Every structure is written in C-alpha cells, then in structure tokens.
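Let me begin by presenting the structure, written as structure tokens, before commenting on it.
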Amino acid sequence: MNFALEQIRRMRTYNPPIEQRAKFKGLRLDFNERLAPLPEKVIDAIRDFDPQRFMIYPSYGDLVQKIATYAQMDDDSLMITNGSDQGMELIFRTFVSTDDKVIIPSPSFAMFYQVAQVQGAEIIKPKYKFDGSFPLEKVLELLKQKPKLVIICNPNNPTGTLLSLEKIEAILKASVETLVYVDEAYFEFSGVTAIGLIKKYPNLFITRTFSKAFGLAALRIGYLMSCKENIDEMLKVRGPYDNNQVAKV
C-alpha cells in the first residue's frame, strides 16, 4: 500500500549523478561547481574548527548582518538558508497552496519543478526561445491568469541567458497579485541583481547561494531576500538549526 500524497506518487525522484564522484578525476560541468582552489583562510577556518562544537546546536551570531553587508541589503530583509534550495522551498511552503498556478519558464533548474510538484501546484511552462532568450511576451500574457508565483532563474540554468532588470521590473509591474521569485545563484558571475527592486515591490523574492562562486557547495549555505513582512512569515516555517555550524564559520 502506498501512503504518499497523490502529487508525490506522480513524481519521479530527483537523482543527480553524485555517487562515486570522489573517485572521478575529470570535470562534470553540468554541476557548475567551482574549479579554482578555495582560499587558504577558508581551508584554515574549517581545519581549525573546534570539534567539541559538533555536540551542541549551532548559533549564528552576526552571520545575517555580515551577509546583509555583503549583499547591500537591510538585515531584516534577509534570512540565511540551507543552500538556496531551502530558500526556494520556504517560498513555496509559506505562500503556495495545492492547485495554485506557478509559471516556470522552461527548461530551467530541476528543483523548481520538484518543489512545485510537492506542493501540489499546477505548473505552467512557457518555453525559452530558440536563441535561449526569456519568453517575456508569453509570461506577461500568462500573468493575466493571476498565477500565484512566477520564477525567473537569472542567469538561467541551463541556458545561461540573462534577463535585464528592465524586463524583470516589467514583470513585477504586471504581477501585483503574483509573487515573483528571482533565483540569483550565479549573481557573482553575471553582476546583475534585482535587489534594488525589493523595497519597491513587496512581491519580490531573491535567493542566492555560496555553493557556486564561493565553492562551498558541500557546506550548504545560502540566503533569501524579500521585504521584512515576507521574511518574518518565512522565519515561522524555517527550523531553528537548519544551517550547520561549520558553514557559519
């Protein structure tokens, strides 16, 4: 007998090919992992971590303030997450209900679809254009259906194409009743960010990660930004110890 929810039974498991990777000496570009060595001060901080601290629950001190300073964001508009994947999950768990419409321009990051399916959302997939550009006109047309959420992966994974801030704002202006989630996992490479739009549009959410440019994929640390009211609601959903102590160091 299968006791899983119906939407879970309809899904396939997301299985990235990670097994035995430590023995593989070549590169897997599909993982988009940092190839350059980590700075010595990062390696030293991990090496010098007090093993006695493994026995206590983590405390994060001024980590939010430090990341907020880096991101040039107000402290109360940012929360730390277990990679950007958890930030994505928190947006869905807090704001998206069963049968809500979610626009995911496709192809895009596989986890978007997984989290939407777990939540029981109806996924709408306007296709990226032949040249890899974002289907802006189609998304603007679909917004008339008043979906609950639209996702913009910027730059997109896997096409690598970028949507300008002007076009992101055009979507925000057309989606007063729709949440707009911008995934900026590759911000350090593109240099383009929608952070400056958060104070103007309370329906905007942005996630980032330290897995890519910073090369800390195994430590699972990222952050989520939105207006204070949204952050306060998502903090109710996140667990108190979701980030590990080594990642904080």
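The values are calculated or read from the model by the stated rules, or taken from the named source; none is laboratory data. This structure is a prediction, so every number in the text was calculated from the model and none was measured. As a convention, Cβ positions derive from the backbone with ideal geometry for all residues, glycine included, and neighbour counts pool all protein chains shown. The area values use the complete protein model at the heavy-atom level, side chains included, leaving out ligands, DNA and RNA. Shrake-Rupley method; radii C 1.70, N 1.55, O 1.52, S 1.80 Å.
Here is how the numbers come out for the structure above:
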| quantity | calculated |
| --- | --- |
| Check on Gly160, assigned to a helix (DSSP H, G or I), surrounded by fewer than 23 Cβ atoms within 10 Å (Cβ to Cβ) and not hydrophobic (A, V, I, L, M, F, W, C) | no |
| Residue list for region 225-241, restricted to those being within 26 Å of Phe54 (Cβ to Cβ) and open to solvent by less than 10 Å² (accessible area, probe 1.4 Å) | none |
| In region 117-133, the residues that are within 11 Å of Ser97 (Cα to Cα) and open to solvent by 60 Å² or more (accessible area, probe 1.4 Å) | Gln117, Val118, Glu122 |
| Subset of region 149-177 [more than 18 Å from Ile123 (Cα to Cα) and of a type in the set (D, E, K, R)] | Glu166, Lys167, Glu169, Lys173 |
| Candidate set: region 140-157, residues that are of a type in the set (A, V, I, L, M, F, W, C) and not in a helix (DSSP H, G or I); chosen: the one nearest to Thr178 (Cα to Cα) | Leu149 |
| Which numbered condition Gln72 misses (of (1) closer than 16 Å to Phe210 by Cβ; (2) at pLDDT 95 or above) | (1) |
| Residue in region 194-206 that is among the charged types (D, E, K, R) and within 26 Å of Lys66 (Cβ to Cβ) present | yes |
| Tabulated pairs, region 77-98, first open to solvent by 10 Å² or more (accessible area, probe 1.4 Å), second at pLDDT 95 or above and polar (S, T, N, Q), C-beta under 6 angstrom, 6+ apart or interchain | Ser84/Thr207; Ser84/Thr209 |
| Yes/no for Ile151 being more than 16 Å from the chain's Cα centre (by Cα) and either free of Cβ contacts under 8 Å to residues at least 24 places away in the same chain or open to solvent by less than 30 Å² (accessible area, probe 1.4 Å) (or both) | no |
| Extreme residue, nearest to Ile195 (Cα to Cα), among residues of region 163-184 that are open to solvent by 40 Å² or more (accessible area, probe 1.4 Å) and at pLDDT below 95 | Val176 |
| Qualifying residue in region 131-139 (condition: over 28 Å from Tyr70 (Cα atoms), of a type in the set (Val, Ile, Thr) and not in a loop (DSSP other than H, G, I, E, B)) | yes |
| Residue among Gln65, Gln114 that alone is closer than 24 Å to Ile171 by Cα and open to solvent by 40 Å² or more (accessible area, probe 1.4 Å) | Gln114 |
| Every pair of residues 6+ apart whose Cβ atoms lie under 7 Å, when the first sits in region 54-76 and is closer than 11 Å to Lys248 by Cα while the second is open to solvent by 40 Å² or more (accessible area, probe 1.4 Å) and among the charged types (D, E, K, R) | Pro58/Lys248; Tyr60/Lys248; Leu63/Lys248; Val64/Asp75 |
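For every residue, the table says whether it meets (1) at pLDDT below 95; (2) closer than 24 Å to Gln145 by Cβ; (3) touching a strand residue (DSSP E or B) at 6+ places or on another chain (Cβ under 9 Å).
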position: Arg53; (1), (2), (3): yes, no, no
position: Val64; (1), (2), (3): no, no, yes
position: Met79; (1), (2), (3): no, no, yes
position: Gly87; (1), (2), (3): no, no, yes
position: Ile104; (1), (2), (3): no, yes, yes
position: Ile123; (1), (2), (3): no, yes, yes
